[in-house]
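Before any comments, here is the structure.
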Amino acid sequence: MEQKVSILGFLKIGKEEHIDLLQKHGVIYCNTVDFFRRLEEKEKGRKDTREGATSSLKAHNLTLFFDNERKREIPIKITRARLHTHDPQELKTHLYCLYVVREEHVTGRPFIDARNVEFGDKAILITDTQQFLDRFKNATADFVQYSNDFVRYYNEEEDHQALTIYNKPDFFQYQSEFRFHIKNKSDHPIQFKIGSIEDISIKLNAEILPKLFIDDQVHNGLQETL
C-alpha cells in the first residue's frame, strides 16, 4: 500500500523578475531534461549529467573498441566508472521543479539547506498546494502527457536498473524536490500560464530560507528564527 505524504507547502527560488512573473501572472517556464544535463559546471546545484537516466551501473575494468567491422581495440582502459543509460526521447521532455515542505520538516528547527539559496535572491512560498496543483494540471490539458510526484533519491554506490524521471542521486537530497513532468517533446523550453497565485503565496527574500522553521507545537506555519 502506497504511503500518503502530507505536503505543507511549495517553494520556488529564483531571480526576482521570474518570481514576480510566477506570483502575479502564473508564468511557468519549463526546460528540457537534456538542458539540465548540459548546464555549465558552475551550476552544480542544477546541473546533473545523470538527469533522466534509466539506469546507473558500475562499469569497472572496461576496454573500449572502435565501432566498426574489425572492432579494433582503443588503447584506453577504464578501471573505475559508472555507466548511465538514457532514453533519447525522454531527454526532450520538460521539467518544472519546486522545493516541497513536508511533515518531516515539522521539527521546530531550521530545515532548508543554505545551498538552495544559490538558485536566486527571491523565493515564493505557495501555501495552498492543492490549489496550485489543480491550476497547474488545468493549464497542461493540451499537452501530450503530464504527471507530478516527489523525487526519490538513490545511492550512487549501488546499481539501479529501473530509474525514472523521478529519481536523482542522493547528492541532491538537500533540494527536497517535487517535480512536474510534461511530455511535450521539443528541443526548446516551453512556457504557459496558470493565472495569478497571489492569493495562495507569499514572496520572501531567499536569504532568510535557512532560518525558517515550522513550530512543532502550534504547527501553524513557517516562522523565522530571530
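The values are calculated or read from the model by the stated rules, or taken from the named source; none is laboratory data. It should be emphasised that the depicted structure is a prediction, and the values quoted were computed from it without experimental measurement. No Cβ is skipped: glycine too gets one built from the backbone with ideal geometry, and neighbour counts run over all protein chains shown. Just the protein is used for accessible areas: all its heavy atoms, side chains included, with ligands, DNA and RNA removed. Shrake-Rupley method; radii C 1.70, N 1.55, O 1.52, S 1.80 Å.
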Exercise for review: Could you give me the residue pairs with C-beta distances under 7 Å whose first residue belongs to the range 177-196 and is among the β-branched types (V, I, T), whose second residue is assigned to a loop (DSSP other than H, G, I, E, B) and open to solvent by less than 20 Å² (accessible area, probe 1.4 Å) wherever it lies, and which are 6+ apart or on separate chains?
Suggested key: I182/T93; I182/T140; I194/G26
Check your understanding: Where in the range 109-226 are there strands (runs of 3 or more DSSP E), lying fully within it, with 1 or more residues that are in contact with a Lys or Arg (Cβ under 9 Å, 6 or more places away or on another chain)?
Key -> 122-126, 146-150, 152-154, 167-169, 177-182, 201-205, 212-214, 222-224
Practice item. Using the structure shown, decide if F65 is under 28 Å from E17 (Cβ atoms) and either at pLDDT below 95 or among the small types (G, A, S) (or both). Key: no
Check your understanding: Restricting attention to the range 197-226, and to residues there that are at pLDDT 95 or above and polar (S, T, N, Q), which single residue is most open to solvent (accessible area, probe 1.4 Å)?
Key -> N205
Review point. What number of residues within the range 95-108 satisfy the criterion of being over 14 Å from K211 (Cα atoms) and in a helix (DSSP H, G or I)?
Key: 2
Point to revise | Single unsatisfied condition, M1 versus (1) of a type in the set (A, V, I, L, M, F, W, C); (2) over 29 Å from K92 (Cβ atoms); (3) in a loop (DSSP other than H, G, I, E, B); (4) at pLDDT 60 or above | key: (4)
Practice item. For N116, work out the one condition from (1) crowded, with 16+ Cβ neighbours inside 10 Å; (2) at pLDDT below 95 it doesn't fulfil. Key: (2)
Check your understanding: From the residues in the range 8-27 that are hydrophobic (A, V, I, L, M, F, W, C) and farther than 30 Å from V106 by Cβ, which one is most open to solvent (accessible area, probe 1.4 Å)?
Key -> L21
Check your understanding: When the residues of the range 171-196 are filtered to those that are of a type in the set (S, T, N, Q) and within 13 Å of I28 (Cα to Cα), which remaining residue is least open to solvent (accessible area, probe 1.4 Å)?
Key -> S196
Study note, to complete from the structure: Of the residues in the range 120-170 that are among the basic types (K, R) and either open to solvent by less than 40 Å² (accessible area, probe 1.4 Å) or touching an Asp or Glu at 6+ places or on another chain (Cβ under 9 Å) (or both), the one that is nearest to N205 (Cα to Cα) is K122
